[in-house]
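Structure record follows, encoded as structure tokens.
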Amino acid sequence: MSMDFTDQRLSYEKGQLDQQSVPESPFELFKSWMNEAIEQQVQEPYAMSLATCGADMKPSVRIVLMREITDTGIVFYTNYESAKGQDIAENPKAEVLFFWHELERQVRISGHIAKIDASKSNAYFQKRPHESQVGAWVSRPQSGEVANREVMEQAFKDLQANYSNDKEVPTPEFWGGYEITISEIEFWQGRANRMHDRIVYSRDDNDDTMSWSTKRLLP
């Protein structure tokens, strides 16, 4: 049975985005919007849809959590042996999308993706809750088939017994961080009558000065 949503619509009227008044650096605007999302208590505002595409040319997308905004991009952590890890190894380009419905805003980021330094990954892993550290070891290979839930639960219990709360869980060699070095970032502010504001910052991949140009896109 089909479902018809053609009569379901909202008018976006909570803000505006003027190309003439945006800052020179997209990082300034991104951090401002992120802080506002946090202040407005948007649930997990750092959650983002990550799109990758490997050698098979089949795009895939999933939600991951951004854990840092750097001077050049954004960082997230995952299992290197996962489907996304395989895609990245074959094609080190990615896009992410943040959508904050409460603010009627989107941020779309694209760029080159690469592993971060292992020492930084280790430092973050050791900050994670003990149970999350154990869970990382269960997910090998992440996205791999498992017979049933009970198999997962037993593996988790076995690892918990091996690594009690007073015993450090080592960082898996197959787990760590990636940084997406931003080459383009689009800020989308919903407007009435579908006349949305879309401002894009672009940087030449070969430009080391981190200078940005902006343009407005049609909605």
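The values are calculated or read from the model by the stated rules, or taken from the named source; none is laboratory data. Since the model is a prediction, treat every value here as computed from it, not as a measurement. So basically every Cβ, Gly included, is an ideal-geometry build from the backbone, and we count neighbours across all protein chains shown. Please note that ligands, DNA and RNA were not included when accessible areas were found on the heavy atoms of the full protein model with its side chains. Shrake-Rupley method; radii C 1.70, N 1.55, O 1.52, S 1.80 Å.
In the set 28, 44, only one residue is modelled with pLDDT of 95 or more, in a loop (DSSP other than H, G, I, E, B) and either among the polar types (S, T, N, Q) or open to solvent by 60 Å² or more (accessible area, probe 1.4 Å) (or both); that residue is 44. In the stretch 82-91, the count of residues that are in a strand (DSSP E or B), touching a residue at least 60 places away in the same chain (Cβ under 8 Å) and open to solvent by less than 80 Å² (accessible area, probe 1.4 Å) is zero. If you go through the stretch 60-81 and keep only what is open to solvent by less than 40 Å² (accessible area, probe 1.4 Å) and of a type in the set (Val, Ile, Thr), you end up with 64, 70, 74, 75, 78. Considering only residues that are among the β-branched types (Val, Ile, Thr) and out of contact with any helix residue (DSSP H, G or I) (no Cβ under 6 Å at 6 or more places or on another chain), look in the stretch 171-205 and name the one that is most open to solvent (accessible area, probe 1.4 Å). Taking the candidates together, the pick is 181. All but one of (1) in contact (Cβ under 8 Å) with a residue 60 or more places away in the chain; (2) open to solvent by 80 Å² or more (accessible area, probe 1.4 Å) hold for residue 37; state the number of the condition that does not hold. Every condition holds for residue 37 apart from (2). Selection of first residues in the stretch 138-167 that are touching a residue at least 40 places away in the same chain (Cβ under 8 Å) and within 25 Å of residue 85 (Cβ to Cβ) and of second residues that are open to solvent by 90 Å² or more (accessible area, probe 1.4 Å) and part of a helix (DSSP H, G or I), restricted to Cβ pairs under 8 Å at least 6 apart or on distinct chains, gives an empty result.
Regarding residue 107, is this residue within 21 Å of residue 183 (Cα to Cα), of a type in the set (A, V, I, L, M) and open to solvent by 50 Å² or more (accessible area, probe 1.4 Å)? Spelling it out, it is not the case that residue 107 is within 21 Å of residue 183 (Cα to Cα), of a type in the set (A, V, I, L, M) and open to solvent by 50 Å² or more (accessible area, probe 1.4 Å). Residue under question is residue 168, and the condition is that it be out of contact with any Leu (no Cβ under 7 Å at 6 or more places or on another chain), of a type outside the set (A, V, I, L, M) and either over 26 Å from residue 48 (Cα atoms) or surrounded by fewer than 14 Cβ atoms within 10 Å (Cβ to Cβ) (or both); does it hold? Yes: the conditions hold for residue 168.
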